[in-house]
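What follows is a short report on a single structure.
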Amino acid sequence: MTNRTAARRYARALLDVCLKETDPQQVEQELVAFAGLVGAHAELARVLANPAVPSPRKRAAVAEILVRAPVSPVLGRLLLLLAERDRLVLLPDLATAFRERLLDHRRVVRAAVTTAVPLPDDRVQALRQGLAAATGREVVLEASVDPAIVGGVVARVGSLVFDGSVTRQLERMREKLAQE
């Protein structure tokens, strides 16, 4: 089982428990903060990921961190469980997987929109509404600019790509002319 698969399983279980016992938004923030704390301290990250360090020592280190930076009981239990099972290496993937699960639970989808020039706010809002209508979910839009697409819009929603760029239209014309 890959780390991402394991992280998704832990994320699913964590969300299920959070929905019953606590605020999932708060747990997400705490999980991201804890993963960031571990990632920001290279020595700590090496110790927690090192298989040569016994699990009881990792558990004690996590317990000490939790005393100084308290988190919700649900997350605290999970972090201690990960330390006992020597799975703390999953923290970054777990944070990502939990965020994705939480967005899915709230029926929110992320969309990346690329245009040739910056869009005014009213056009961004119109794109957001159009993508929301197409997906049936609330859309969180991340806009970027890439002059290489010449004009139009490329929108990525999950694995779905809506390519309305001038570059792609020119490619289609070239393919059509080459076939004829």
Count - residues of the range 132-155 that are assigned to a helix (DSSP H, G or I) and either farther than 30 Å from VAL32 by Cα or of a type in the set (D, E, K, R) (or both): 5
Tally, over the range 9-28, of residues that are surrounded by 14 or more Cβ atoms within 10 Å (Cβ to Cβ) and closer than 14 Å to PRO73 by Cα: 9
Pairs with Cβ under 7 Å, 6+ apart, first in the range 119-141 and closer than 16 Å to ARG156 by Cα and in the same structural domain as GLY152 (by TED's automatic domain parsing), second in a helix (DSSP H, G or I) and basic (Lys, Arg): VAL139/ARG128; LEU141/ARG128
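Residue-by-condition table, conditions (1) surrounded by 14 or more Cβ atoms within 10 Å (Cβ to Cβ); (2) among the hydrophobic types (A, V, I, L, M, F, W, C); (3) farther than 24 Å from ALA97 by Cβ:
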position: ASP121; (1), (2), (3): no, no, yes
position: ARG128; (1), (2), (3): yes, no, yes
position: VAL150; (1), (2), (3): no, yes, yes
position: VAL154; (1), (2), (3): yes, yes, yes
position: ASP163; (1), (2), (3): yes, no, yes
Residue check, VAL62 crowded, with 19+ Cβ neighbours inside 10 Å and within 15 Å of LEU90 (Cα to Cα): yes
Residue among ARG77, ARG87 that alone is assigned by TED's automatic domain parsing to the domain that holds TYR10, under 26 Å from GLU100 (Cβ atoms) and touching a residue at least 60 places away in the same chain (Cβ under 8 Å): ARG87
Conditions (1) out of contact with any Leu (no Cβ under 9 Å at 6 or more places or on another chain); (2) more than 26 Å from LEU15 (Cβ to Cβ); (3) touching a residue at least 24 places away in the same chain (Cβ under 8 Å); number of the one not met by VAL113: (1)
Members of the range 8-61 found to be of a type in the set (S, T, N, Q) and either touching a residue at least 40 places away in the same chain (Cβ under 8 Å) or touching an Asp or Glu at 6+ places or on another chain (Cβ under 6 Å) (or both), listed by number: THR22, GLN25, GLN26, SER55
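The values are calculated or read from the model by the stated rules, or taken from the named source; none is laboratory data. Because the structure is a prediction, the values reported are computed rather than measured. Glycine gets a Cβ as well: all are built from the backbone with ideal geometry, and neighbour counts include every protein chain shown.
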